[in-house]
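Have a look at the structure below before the remarks.
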Amino acid sequence: MDAILKLVVFAQKDEIAKIESRFGVKFDDKNGKVRAKAKPGMYKHTITLESHALRALLCLYQRVATSVMSCSVLNPNLVSIVEGRLSGHPRIVPDPQGDQWRIIGLPDKLRQAVEEIEKKIGKPVFKDEDKERIGCSVGGVTEDYSGCVVL
């Protein structure tokens, strides 16, 4: 399962439940492929509803994928520490990219996680340019998403 699909599954559980309820289906993930199976006895035209449910899930996936941001770890030696701190942030997902390790999530949740992790560890853990992009405080100055400096 790719990192964005993991994020959709973990961060959007309530949205997925609404889609399943609305279309009378249950999503099933096998071998990285998502299928919608109709719940028995729900509706007569289940094939149509299954396809609509998959379309709704695809739209949710696209919304998350176009909004997701990442923050890379400065030092590979800090990865295990960061992984341990992620347990309190279910809407943040680790995303190893070769020799680079990063966390991904929606901007607000990612900013909260990064700030909390660095506060608990007591030193910079993530790249400054990534922190600036998500609106974290870097050197006492905070930027929001639009690039406006907030003092």
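Rule-based calculations on the coordinates, nothing more; no lab input. Just so it is clear, the model here is predicted, and its values are computed rather than measured. Don't worry about glycine lacking a Cβ; one is built from the backbone with ideal geometry, like all the others, and counts go over all protein chains shown.
List of remarks:
- Binned Cα-Cα distance frequencies in segment 3-67 - 10 Å width, integer %: 22, 55, 20, 2
- Lysines with Cα under 28 Å of Lys37, excluding same-chain neighbours fewer than 8 positions away: Lys6, Lys13, Lys18, Lys26
- Exposure proxy order (Cβ contacts within 10 Å, fewest to most) of Val73, Val68, Val9, Val93: Val9, Val68, Val73, Val93
- Exposure proxy ranking for Ser137, Ser70, Ser21, based on other Cβ atoms within 10 angstrom of each Cβ and starting from the fewest, stands as Ser21, Ser137, Ser70.
- Per-residue 3J(HN,Hα) values for segment 27-36, derived from phi via the Karplus relation 6.51 cos²θ - 1.76 cosθ + 1.60 with θ = phi - 60°, read 7, 10, 10, 10, 6, x, 10, 9, 10, 10 Hz in sequence order (x marks Gly and Pro).
- Among Leu110, Leu60, the ranking by other beta carbons within 10 Å of each residue's beta carbon, starting with the fewest, stands as Leu60, Leu110.
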